[in-house]
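Single-structure report; data block below.
The values are calculated or read from the model by the stated rules, or taken from the named source; none is laboratory data. Since we're looking at a predicted model, the values are computed, not measured. Glycine gets a Cβ as well: all are built from the backbone with ideal geometry, and neighbour counts include every protein chain shown. Accessible surface areas use protein heavy atoms only, side chains included; no ligands, DNA or RNA. Shrake-Rupley method; radii C 1.70, N 1.55, O 1.52, S 1.80 Å.
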Amino acid sequence: MKFTGNKFFEKFIYGIILLNLIAMVLESEPSLDEALRDFLKKFEIASIVVFTIEYLIRTGESIRSKSKYNTSFFGLIDLLSILPFYFQSVLGF
C-alpha cells in the first residue's frame, strides 16, 4: 500500500496537525486542569509517534521510488517538526 498521495492518510495527518494546534493553544492556559494537561501531554507523545512513523514511511517510499523527499522542502519541515521532541527527550535540551 502506498501512503504518499493516499487521501485518507493525508487527511488523517492534517487532522492530527489541527488537533495539535488546538492542544498547543489549550496548554498555554495557566489555569488548565492538571488532568487535562496530562492528557494533552500524552496526546503530544502519541502525535509525535504518528509523525515519526509518517516520516519513516515517506522516507522508505522515496528510497524505493528514487525521489528526493528527505531533501525536499516538506521532507525537511517534517524532520524539523519531530526533532525537537527527540532532542528534549533524549538529550535533555
Environment charge of Leu40, counting only residues whose C-beta is closer than 15 Å and scoring Lys/Arg +1, Asp/Glu -1: -3
GNM on the chain, Cα springs under 10 Å; top mean-square fluctuation among Phe74, Phe51, Phe43 goes to Phe74
The extension gain from Lys66 to Glu27, computed as 0.36 nm times the residue separation minus the Cα-Cα distance, is 10.0 nm
For the chain, report the accessible area per residue in Å² (1.4 Å probe, heavy atoms, rounded to an integer). 75 Å²
Taking the Cα centroid of the range 65-93 and of the range 8-39, what is the distance between the two, rounded to the nearest whole Å? 20 Å
Rounded to whole Hz and in sequence order, give me ³J(HN,Hα) for the range 57-71 from the Karplus expression 6.51 cos²θ - 1.76 cosθ + 1.60, θ = phi - 60°, writing x for Gly and Pro. 5, 5, 5, x, 5, 6, 5, 5, 8, 6, 8, 10, 4, 4, 9
If I stretch the segment between Lys7 and Leu76 completely, what's the gain in nm (0.36 nm per residue apart, minus their alpha carbon distance), one decimal? 22.7 nm
As computed over the chain, the Cα convex hull volume per residue (Å³): 117 Å³
May I ask you to give the percent of accessible area on the chain that is carbon plus sulfur, with a probe radius of 1.4 Å? 73 percent
